[in-house]
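The values are calculated or read from the model by the stated rules, or taken from the named source; none is laboratory data. The structure displayed is predicted, hence computed values, not measured ones. Heads up, the Cβs are rebuilt from the backbone with ideal geometry, glycines too, and the neighbour counts pull from every protein chain shown.
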């Protein structure tokens, strides 16, 4: 299996507590790190979780509230001090890009790496793509412009069957073609179909991040069929009106969204500071969608696995 | 004794580590909190150390390096969320005021408190004064404009001697005058000298904060005779050249400054990330100035006391 891990660096909401840090996650895709939101303390959490600064190339920011961005100046300054080279790309709304560029140009003008901005909008669109993944931003329903992110692994390579390859005498140069699904034609015109030489690829997995948002049909549509869903669950049932007024979700609403979207696993977070223990949120979510777990700082989830029920 | 406590929230240097947080201190003067520098994580440390947001009225920023200011946006946003009213005054250089105002006006425009700026320069001058203390800023020697802060308690009130006051029949309205040192004149023209009615006040204490700086005669002059000195000690003897090149001090240089200034107690901090243990820095400092201790996160020092030797 190729690595597809989710690291939770912070899963609290805006009000600072001693139990949670503000929003920040790091997705490890084949040892390339993608950060999603960057609340205050992100750089320290990366150190604590032994996530390498040298592997962090992309930072995706959902919206411009302080608890999702105030870790950026410190993190990027530390990358500079650590002698980080290459480029770091921040995917962010235009106002955020302007603020961050201005801040970094003042506090950290000498940077050994190239700080780049991918200015994103609030329409549903692919904002990043490489050999392994596609990242799609999609609109959430919050009181300021806000997007979620969906990361889909691309189809993976087929597995070579070494014995079959030896038996049919496939030369080394043709191996890569087999991995991509091509048949093998011998010099004398015999075609060996690919499925005799390879085994099917590992399944491609998907992950979606929805914070901050109230429930909505368009959100459900955008996250359809994901293997893992992180959905904010700021409140419990008893605060449903408050959740609505503040454009947030309850744990139950997060779970209903997971069910409606046909997600396989649900991770809830962005907990209000009013909770000293999120068990009630977990219980309420599981009534609607059993495959739910609570986010927690320093939690690492292998997204190739599913929650055991 | 009136309260005069120093809380260490962060005593690391610019490079983030898991052992230290960036620079931040809170001085508790009679339950009024004054923050000195505000590195990332300050708001969380305040929560952890149970320092009340409602008591924080002044924030003093020594210079505009990220490890001394990046906690400000998060802290001030949290004050707003916590419904903090009244005013919060940030004493800071003009560029810093501009950056912070812009940042807060974008991320936290609705503030129930009044965010004020006292734009300071790099000359030696009184920048704040109230009934209890005087705060003086003075130039340090760093590679960017940088000031230290000296906080001097004003002379305190004399202690009433209840038995003497009763014996001479001093009325209640005259008690405050006695505390301020006035004599008591009876209706028939007899003057009772103050020293018969009161005991001397508690001593007034002083504290100076010097970070970041290399050693210098002007710095020593500004901190002359302080009861407690916090002085940066980024490096040990083995890195003296590096300290010089980067406009920092070694632990030994910090201790020599304390001795030259006639300070009574020394607290060293702003430790380089290269040290996993600062014992060697402490040993080197104590060779020059025995009354030295190491700063450490969550340390609280009663500045009315002295280090026992």
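Results, tabulated for the structure shown:
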item: Qualifying residue in the stretch A:113-131 (condition: within 14 Å of chain B (Cβ to nearest Cβ) and either surrounded by fewer than 16 Cβ atoms within 10 Å (Cβ to Cβ) or in a loop (DSSP other than H, G, I, E, B) (or both)); result: no
item: Answer residue from the stretch A:226-235, given it is surrounded by 22 or more Cβ atoms within 10 Å (Cβ to Cβ) and assigned to a loop (DSSP other than H, G, I, E, B) and is farthest from the chain's Cα centre (by Cα) among those; result: A:234
item: Checking residue B:108 against (1) modelled with pLDDT of 95 or more; (2) within 11 Å of chain A (Cβ to nearest Cβ); (3) touching a helix residue (DSSP H, G or I) at 6+ places or on another chain (Cβ under 6 Å); (4) crowded, with 22+ Cβ neighbours inside 10 Å, the condition it does not meet; result: (4)
item: Residue A:27 touching a residue at least 40 places away in the same chain (Cβ under 8 Å), under 21 Å from residue A:2 (Cα atoms), under 17 Å from the mean Cα position of the chain (by Cα) and assigned by TED's automatic domain parsing to the domain that holds residue A:130; result: yes
item: Unique match (being assigned by TED's automatic domain parsing to the domain that holds residue B:150, in contact (Cβ under 8 Å) with a residue 12 or more places away in the chain and closer than 29 Å to residue B:247 by Cα) among B:19, B:55; result: B:19
item: Residue B:149 being touching a helix residue (DSSP H, G or I) at 6+ places or on another chain (Cβ under 8 Å), at pLDDT 95 or above and assigned by TED's automatic domain parsing to the domain that holds residue B:213; result: no
item: Count of residues meeting criterion [within 12 Å of chain A (Cβ to nearest Cβ), under 18 Å from residue B:113 (Cβ atoms) and in a helix (DSSP H, G or I)] in the stretch B:53-73; result: 3
item: Residue in the stretch B:85-105 that is farthest from residue A:145 (Cα to Cα), counting only those that are in contact with a helix residue (DSSP H, G or I) (Cβ under 9 Å, 6 or more places away or on another chain), buried (at least 19 other Cβ atoms within 10 Å of the Cβ) and within 12 Å of chain A (Cβ to nearest Cβ); result: B:96
item: Odd one out for residue B:77, checked against (1) more than 21 Å from the chain's Cα centre (by Cα); (2) away from chain A (no Cβ under 11 Å); result: (2)
item: Candidate set from the stretch B:256-271 (those that are more than 17 Å from the chain's Cα centre (by Cα) and surrounded by 24 or more Cβ atoms within 10 Å (Cβ to Cβ)); member that is farthest from residue B:218 (Cα to Cα); result: B:271
item: Filter pass, residue B:118 being at pLDDT below 95 and either closer than 25 Å to residue B:29 by Cβ or within 21 Å of the chain's Cα centre (by Cα) (or both); result: no
item: The one condition in (1) out of contact with any helix residue (DSSP H, G or I) (no Cβ under 8 Å at 6 or more places or on another chain); (2) assigned by TED's automatic domain parsing to the domain that holds residue A:42 that residue A:288 fails to fulfil; result: (1)
